[in-house]
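First comes the structure, then the notes that go with it.
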Amino acid sequence: MHENKLTVATVLKPQGIRGEIKVKALTDTAEDLKDIKVMEIGGAEYAVLSVRAQGEFAYLTLRGVADRNAAEELRGLEVLVSRENAPALPDGRYYIADLIGCEVYNNRGEKLGEVIDVTPAKTDVYTISDGAKQIVFAAADGVISDVDIDARKIVVDGKRFKEVSL
């Protein structure tokens, strides 16, 4: 039902000469990456030796990436973790991969469309499609009233949804 791997960061560049890489975390904070022991980048698995978090960025040292040249080969690639190794999320927070494909209904039960994209931001921005057109809305306070990942269903407050959608 769900993908087995989640994207948790993107490799930005090598850091220094000893193989450390700088990544942009796609999790709530880069601190979340500290709990991950194994990552996949470019189809290869790496054991995580150290993580230094700094805001939305982290500096990773990986087994098998010993110098700047090896780190350079990872530039621009996604950092994946298997779902069972992914950081646990607090209640009310969801992985984007789990939201894609959910059907969105208003509180009167009318189907508005299906989630095709979520852009992470201070207030996440959802893009849904009804087959004919796309609707973009901010997940501001009071917009989303229920998320049921298992049922693949999201319910929005009709009035608030109209206020924040394009």
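Odds and ends about this structure:
- Lone unmet requirement of (1) surrounded by 20 or more Cβ atoms within 10 Å (Cβ to Cβ); (2) within 30 Å of C102 (Cα to Cα); (3) of a type outside the set (S, T, N, Q) for R83: (1)
- Filtering region 95-125 to residues that are in contact with a strand residue (DSSP E or B) (Cβ under 6 Å, 6 or more places away or on another chain), within 21 Å of K24 (Cβ to Cβ) and of a type outside the set (A, V, I, L, M) leaves Y95, D117, T119, T123, D124.
- Matching residues, region 13-33, being more than 16 Å from the chain's Cα centre (by Cα) and not small (G, A, S): K13, P14, Q15, I17, R18, E20, I21, K22
- Total residues in region 46-72, condition of a type outside the set (G, A, S) and either assigned by TED's automatic domain parsing to the domain that holds A121 or loosely packed, with under 14 Cβ neighbours inside 10 Å (or both): 4
- Taking region 11-35 as the range and being without any contact (Cβ under 8 Å) to a residue 40 or more places away in the chain and not in a loop (DSSP other than H, G, I, E, B) as the test, the residues that pass are K22, K24, A25, A30, E31, K34.
- Residue check, L89 touching an Asp or Glu at 6+ places or on another chain (Cβ under 9 Å) and surrounded by fewer than 17 Cβ atoms within 10 Å (Cβ to Cβ): yes
- Conditions (1) surrounded by 17 or more Cβ atoms within 10 Å (Cβ to Cβ); (2) in a loop (DSSP other than H, G, I, E, B): number failed by R75: (1)
- When residues of region 1-10 are limited to those that are part of a strand (DSSP E or B) and not hydroxyl-bearing (S, T, Y), the one surrounded by the fewest Cβ atoms within 10 Å (Cβ to Cβ): K5
The values are calculated or read from the model by the stated rules, or taken from the named source; none is laboratory data. Keep in mind it's a predicted model, so treat the numbers as computed, not measured. For neighbour counting, all protein chains shown are included, and Cβ atoms are generated from backbone atoms with ideal geometry for every residue, glycine included.
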